[in-house]
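Novice: Before we start, here is the structure in question, set down as structure tokens.
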Amino acid sequence: MFRIGDLVAHPMHGAGVIDAIVQEKVAGKTEEYYVFKMPVGGLLLKIPVANSASVGLRAIITPEEAEALIAGMASLEVESSANWNKRYQENLQRLKSGDLREVARVVKGLMIRDARRGLSTGERKMLQTAKRILISEIVLTEQTDYEAVESRINCAMTQGAAV
């Protein structure tokens, strides 16, 4: 169970803080909810405490893990299906996994595809979402600003990438 002030990551929204724990009555049943607030973008979500594990809510990575992830981005292997729908579904599953390495793989794959052929509107939106998820967690972990992390990730992703 998380406490108020804990830094956590949501698989589809990125990293944020447990701002409060509230009790609310829904359909005649009182449940506890985490009030999840994202510093980047200001999103506010209420996540049922009982379902937080199945949603994929987890503690954010450590600064050491963040540095290792950024350092390893150039060597991340990406495979990309030629079929747009299959590629989109595979990338969506990677995002939903909550694994930051898989999110980085989505970012890298879509960045490479964008440089080679361009992206559809759906894939461009997915790239923006994946980048936001990745960057938001590193920003909170390293307590730095969004633009600096985005620049580091863009640089790390393009190193060694055959574009």
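Rule-based calculations on the coordinates, nothing more; no lab input. Computed from a predicted model, the values in this text were never measured in an experiment. All Cβ positions, glycine included, derive from the backbone under ideal geometry; neighbour counts span all protein chains shown.
Novice: Give the span of segment 3-44's Cα atoms along each principal axis, as three whole-Å numbers ordered largest to smallest.
Specialist: 34, 19, 16
Novice: What spacing in nm lies between the two simple spin-label points modelled at A50 and Q23, each 7 Å away from Cα in the Cβ direction?
Specialist: 1.4
Novice: Okay, next question. Kirkwood hydrodynamic radius (Cα pairs, Å) of segment 43-163? All intermediate terms of the calculation are to be shown ahead of the outcome.
Specialist: On the way: mean 1/r = 0.0661 Å⁻¹.
About 15.1 Å for segment 43-163.
Novice: Once the Cβ-Cβ distance between E90 and E150 is put in as r, and R0 is 41 Å, what FRET efficiency do you end up with, to the nearest 0.05?
Specialist: Details: r = 24 Å, r/R0 = 0.59.
Once the sixth-power term is evaluated, E becomes 0.95.
Novice: Same structure, new question: Counting Lys and Arg as +1 and Asp and Glu as -1, each charge on the Cβ, what is the dipole of the chain about the Cα centre in debye, to the nearest 20? Can you show the working numbers first?
Specialist: Working: 21 positive and 20 negative charges, 149 e Å.
The calculated dipole for the chain is roughly 720 debye.
Novice: Contour minus end-to-end for Q143 and E64, with contour as 0.36 nm per residue of separation and end-to-end as the Cα-Cα distance? List each step's numbers first, then the result.
Specialist: Values: separation 79, 0.36 × 79 = 28.44 nm, distance 1.29 nm.
Difference between extended and current length: 27.1 nm.
Novice: State the extension gain, in nm to one decimal, for the chain segment bounded by R124 and S81, taking 0.36 nm per residue of separation less the distance between their alpha-carbons. Each step should come with its number before you reach the end.
Specialist: Values: separation 43, 0.36 × 43 = 15.48 nm, distance 1.62 nm.
In short, 13.9 nm is gained.
Novice: Something else: Go through Q93, T141, F36 and say which Cα lies farthest out towards the positive end of the charge dipole of segment 19-163; charges sit on Cβ, +1 for Lys and Arg, -1 for Asp and Glu.
Specialist: After comparing all options, I get Q93.
Novice: If you don't mind, there's one more thing I want to ask. Once you've got the GNM for the chain with C-alpha springs shorter than 10 Å, pick whichever of K125, K108, K29 has the biggest mean-square fluctuation.
Specialist: Among K125, K108, K29, the largest mean-square fluctuation in the Gaussian network model of the chain belongs to K29.
Novice: I would also like to ask the following. Can you work out ³J(HN,Hα) from phi for every residue in segment 24-31, in order, using Karplus 6.51 cos²θ - 1.76 cosθ + 1.60 and θ = phi - 60°, giving whole Hz and x for Gly and Pro?
Specialist: So the Karplus estimates, Gly and Pro as x, are 9, 9, 10, 6, x, 10, 8, 10 Hz.
Novice: Using only the alpha-carbon atoms of segment 1-99, report the extent along each of the three principal axes, biggest first, to the nearest angstrom.
Specialist: Over segment 1-99, Cα extents along the principal axes are 49, 34, 23 Å.
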